[in-house]
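The values are calculated or read from the model by the stated rules, or taken from the named source; none is laboratory data. Keep in mind that what you see is a predicted model, and the values were worked out from it rather than measured. Cβ placement follows ideal geometry from the backbone for every residue including glycine, while neighbour counts extend to all protein chains displayed.
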Amino acid sequence: MPDAAVETRSSEATSGGATQQVDVAVVGAGFAGLYALHRLRKAGLSVVVLDEAEDVGGTWYWNRYPGARCDIQTVDYGYAFDPALESAWQWSEKYATQPEILRYLGFVADRYDLRRDIRFRTRVKAAAWDEAAQRWQLATDNGPRVSCRYYVMATGCLSAPKPPEIDGVRDFKGEVYFTGRWPHHEVNLTGKRVAVIGTGSSGIQAIPIIAEQAAHLTVFQRTANFALPAHNGPAPADRIALLEGDRAGYREQARWSLAGVPWPQQTTVSWQLSDAERRERFEKAWAAGDLIYTLSQLWADLGNDVDGNTLVADLIREKIRSIVTDPKTAATLAPFDHPFGAKRPCLDTNYYATYNRSNVTLVNLREEPIKAITASGIATDRRTIDLDVIVFATGFDAMTGAVTAVHPITGRGGKEISAVWANGPQTYLGLTVAGFPNLFLITGPGSPSVLSNMAVSIEQHVDWVVDRLVALREAGFTTIEATETAQAGWSRHLADCSMLTLHRLANTWYTGANVPGKPWGVMPYAGGVGPYRAICSEVVSRGMLGFRLSAPDAPEQCNDGEIVRLQPDVRLVLNMLADMKLPAIESLGAEGARAFLTMVNAGRPAGRPVGEIVDGTLTGTNGPLPYRLYRPATQGPHPIVVYFHGGGWVLGDEQSDDPFCRDMCRRSGMIIVSVGYRHAPEHRFPTAAEDGYAATRWIAEHAAELGGTPGPVLVAGWSAGGNIAAVTCQLARDRGGPRVGGQLLVCPVTDSTFDRPSYSENAEGYFLTRALMYWFWDIYCSPADRTDPRAAPLRGKLEGLPPAFVLTCEFDPLRDEGVAYAEALRAAGVPVEQLEARGHFHASFTMVDVVVTGVSGRARMAEALRRFAGLPQDTGQLRPDRNPLPPEASAAAE
Ligand code: NAP
């Protein structure tokens, strides 16, 4: 029975009457369980590992289908905790086969004498938290029960095979195999008519080998997947040299990298490269045969931008067409419905070429779905295919299934983990679950896990858990449990991280989309291995933030809170700035600060192309002012947005917010004219305000010459530029024009007092400091003038102003005055759209292509501009960098 093949993996045996008492019970004797046992034992804790398999190996014990091998280079895919172990083992290939990896894990088990504490052929049937004893009580199907203080699930992420979900499986009279539960005996497919259902990593590895054995192979493909050639062979000399040159350094670099493999972070973006340069990079990657290299080293926007991604996806599709001789088959094999890397890409050996064999047929289930499996084969709605063997390569109930499908786990108050996770997994750090004291998940949902080199992530998790247990023992605590606050904060952070990548745009097991009825959500942590490691360390250094520690005879310790409140990329930017130990801007003097800004701007990613950029001069009140005009690539005329840059009325020029202006131009489809208004201290208040007004008037009067549509102009500005934009609207209303159709105020300065809470909450540490704002004000405007509405528009009359979009950032001293302005505008009857951006800082939305989580906010700004100008909403055709987001993802930045 196929279902039985999935569900019944070991014989039932009765539990003995005795109970095995240990400090720690670990489920799973794979990579994670073996290392956990080794470390726990060394820490002086008594341990039992339980595994239903007959030997060690975990995923490598079960997944023994033909062609199974790892797809991370073996130089990177192994334990790194013991250099002596590394020298004692030599991998024979670049990508080791399943039997070799299994031998390696057996070798590790022998070397550290691990088997004596492993109970094989033993399945845990139930685990329950015993409140009275403050211990976990485990029922097993073989041998004594287990009572343990700590319970560690080292069950991997892909250990619960997914049922086939196809009618009639039980009726089939031939042989049925699951790649994830391949038999241990020889499977002879020679001369047989074989079907493989599924073209994920397992299917793609198995298909070429099965094709060589079978009389005929029929592959049933629902979704075409991206596969790259492995070019297997000996491990590449350059990687080996790098490793052997400095083994400790190499391993350490992996630990702090994004994916757990030591490749540098790519900073070149796709639009900085010519077609030929991109092709050259791609061909190099194709020849290298390395998934992580290809995903991380081509260009920086491959993983987070649809268009940067399409460039590589097109090149892969071209390769498929060049390999597969039948054009219809090639077209069917070419993935079309998801970005490259959004679904787990595969590494193959002769996969596409296999379809050139005469004994291989591809069935496209999108065109002819399976109606049923019958006694003799598979019936689609077009034909019946007679078969001797069906191989299901249909995947796993990933991540959560590896915990909930194993056995019922019952925590405090009788709550079962599957009920607690009914709407999606809830964890703190992917390691622990509120309400389940002393339970640890190794590489659980919410940790980098499957988006990383598992070997690196497993060691990090096990080390963290064992170090915590040792620390608990030393401090006299016996129980540790995540708080609800910390867990909820981690869920928000996870959702924020999911905005960094394109996984949300695919139906993939990363999101649970492969299992009917499973709640949707990006389950692994997408913020990177290194940043995650830093967060885990920070939890400890901040007094076990988000954990409740207790013992029967000791006072409870609970330092509650959220570990990350910033957006993940904002956190990286701020950490990087902190590491640079830059001088305070206000200590540099105006000239020094301007030079500093020029230097910072020179290091940022180049802005994206627009239709045309024109530098020009307009006439201000006291002479010429420079401007830079950004014109969309679409046919004009276009509405005009007059833009005022940030810089505290002291710094910057018409070019200094260049990437933001380009972005607004591309997204809104409008002309952006960035004005070079004059700065303090050379020109103090009210020069900037008056220049802003005069420039707007001039631009409105010269709209046709600039290629603009007749009618009102819009104004926009960031920070002090937001102040100028707001003031311009008031002056235009009071001075009889020009007509302003709308105002976009991004983190604007609206008032001259410093007593709102955001000024003290965010006084330091978020780039724009309170001290810097004091300095800007002092240079720009004397205290006596600060109540003038041209300096503090919040103090002006607000009735009759154009509609506004006001964006404020949570970690910005200017947050509350921006909110106050939006509220005051609304009270004055002005239509206002407000975006209070959670986890963002003052520069989040102007750091285009650096703060990726700002994309949805900028999309909303552009929509607001189009609305102000009376244009239809953007359908995605206007901007080549459109980034379609599911609604839940768009909301995440707010
Ligand atoms: P998978 O990636 O989830 O692929 C399952 C395949 O089965 C997909 O093509 C899926 O189509 C198809 N499928 C599922 N249910 C189906 C149904 N009812 N009817 C028709 N088709 C159906 O699973 P996997 O290949 O076992 O790989 C899972 C993960 O394991 C990999 O992504 C990888 O992380 C890991 N893995 C690693 C290696 C390695 O080299 N180290 C090898 C194998 C697996 P849809 O795409 O339409 O859902």
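Table for the structure above
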{"read-out": "In the range 481-521, the residues that are among the charged types (D, E, K, R) and either in a loop (DSSP other than H, G, I, E, B) or within 16 Å of the ligand (Cβ to nearest atom) (or both)", "value": "R504, K518"}
{"read-out": "F767 being out of contact with any Cys (no Cβ under 7 Å at 6 or more places or on another chain) and over 30 Å from R866 (Cα atoms)", "value": "yes"}
{"read-out": "Exclusive hit being touching a Leu at 6+ places or on another chain (Cβ under 6 Å) and either of a type in the set (S, T, Y) or over 17 Å from K343 (Cβ atoms) (or both), set V176, V169, V194", "value": "V194"}
{"read-out": "Filter pass, T122 being part of a loop (DSSP other than H, G, I, E, B), more than 11 Å from the ligand (Cβ to nearest atom) and touching a Leu at 6+ places or on another chain (Cβ under 8 Å)", "value": "yes"}
{"read-out": "Residue count, the range 54-93 (criterion: hydroxyl-bearing (S, T, Y) and either within 11 Å of the ligand (Cβ to nearest atom) or under 22 Å from G200 (Cα atoms) (or both))", "value": "5"}
{"read-out": "Residue check for W263: within 26 Å of S498 (Cα to Cα), aromatic (F, W, Y), surrounded by fewer than 21 Cβ atoms within 10 Å (Cβ to Cβ) and out of contact with any Leu (no Cβ under 6 Å at 6 or more places or on another chain)", "value": "yes"}
{"read-out": "Unmet requirement for R608, which otherwise passes all of (1) at pLDDT 95 or above; (2) surrounded by 14 or more Cβ atoms within 10 Å (Cβ to Cβ); (3) assigned to a loop (DSSP other than H, G, I, E, B)", "value": "(1)"}
{"read-out": "Residues being over 25 Å from the mean Cα position of the chain (by Cα), of a type outside the set (A, V, I, L, M) and assigned to a helix (DSSP H, G or I) - total across the range 255-292", "value": "6"}
{"read-out": "Residue that is nearest to S447 (Cα to Cα), among those in the range 524-582 that are without any contact (Cβ under 8 Å) to a residue 60 or more places away in the chain and basic (K, R)", "value": "R571"}
{"read-out": "Checklist (1) within 16 Å of the ligand (Cβ to nearest atom); (2) closer than 17 Å to L37 by Cβ applied to L114, failing item", "value": "(1)"}
{"read-out": "Index of the failed condition, E252 passing every other in (1) outside any helix (DSSP H, G or I); (2) surrounded by fewer than 16 Cβ atoms within 10 Å (Cβ to Cβ)", "value": "(1)"}
{"read-out": "R786 surrounded by fewer than 22 Cβ atoms within 10 Å (Cβ to Cβ), over 42 Å from the mean Cα position of the chain (by Cα) and basic (K, R)", "value": "yes"}
{"read-out": "R667 being surrounded by fewer than 22 Cβ atoms within 10 Å (Cβ to Cβ), among the basic types (K, R), in contact (Cβ under 8 Å) with a residue 12 or more places away in the chain and touching a Leu at 6+ places or on another chain (Cβ under 9 Å)", "value": "no"}
{"read-out": "Residue check, A716 surrounded by fewer than 22 Cβ atoms within 10 Å (Cβ to Cβ) and of a type in the set (A, V, I, L, M, F, W, C)", "value": "no"}
{"read-out": "All positions within the range 58-103 that are farther than 21 Å from V27 by Cβ and among the hydroxyl-bearing types (S, T, Y)", "value": "Y65, T74, Y77, S87, S92, Y95, T97"}
{"read-out": "Residue that is modelled with the lowest pLDDT [pool: residues in the range 547-604 that are part of a loop (DSSP other than H, G, I, E, B) and among the basic types (K, R)]", "value": "R604"}
{"read-out": "Selected residue (criterion: farthest from L451 (Cα to Cα)) from residues of the range 133-169 that are among the β-branched types (V, I, T) and modelled with pLDDT under 95", "value": "V169"}
{"read-out": "Qualifying residue in the range 758-771 (condition: in contact with a helix residue (DSSP H, G or I) (Cβ under 6 Å, 6 or more places away or on another chain), closer than 29 Å to A703 by Cα and of a type outside the set (V, I, T))", "value": "no"}
{"read-out": "Every residue from the range 484-513 that is touching a Phe, Trp or Tyr at 6+ places or on another chain (Cβ under 7 Å) and crowded, with 18+ Cβ neighbours inside 10 Å", "value": "A486, Q487, W490, L494, C497, H503, W509, T511, G512"}
{"read-out": "Residue that is in contact (Cβ under 8 Å) with a residue 40 or more places away in the chain and crowded, with 21+ Cβ neighbours inside 10 Å, where the choices are P516, P445", "value": "P445"}
{"read-out": "The listed residue being within 16 Å of the ligand (Cβ to nearest atom), surrounded by fewer than 23 Cβ atoms within 10 Å (Cβ to Cβ) and at pLDDT 95 or above, out of V176, V187, V196, V219", "value": "V176"}
{"read-out": "Residues located in the range 331-377, provided they are surrounded by fewer than 19 Cβ atoms within 10 Å (Cβ to Cβ) and closer than 21 Å to H231 by Cα", "value": "N350, A353, N356, R357"}
{"read-out": "Elements of type strands (runs of 3 or more DSSP E) in the range 358-467, at least 3 residues being away from the ligand (no atom under 16 Å from the Cβ) and modelled with pLDDT of 95 or more", "value": "439-441"}
{"read-out": "Meets criteria (surrounded by fewer than 24 Cβ atoms within 10 Å (Cβ to Cβ) and either without any contact (Cβ under 8 Å) to a residue 12 or more places away in the chain or assigned to a helix (DSSP H, G or I) (or both)) for E823", "value": "yes"}
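Okay, residues lined up against (1) buried (at least 23 other Cβ atoms within 10 Å of the Cβ); (2) charged (D, E, K, R):
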position: Q73; (1), (2): yes, no
position: A84; (1), (2): no, no
position: R111; (1), (2): no, yes
position: A139; (1), (2): no, no
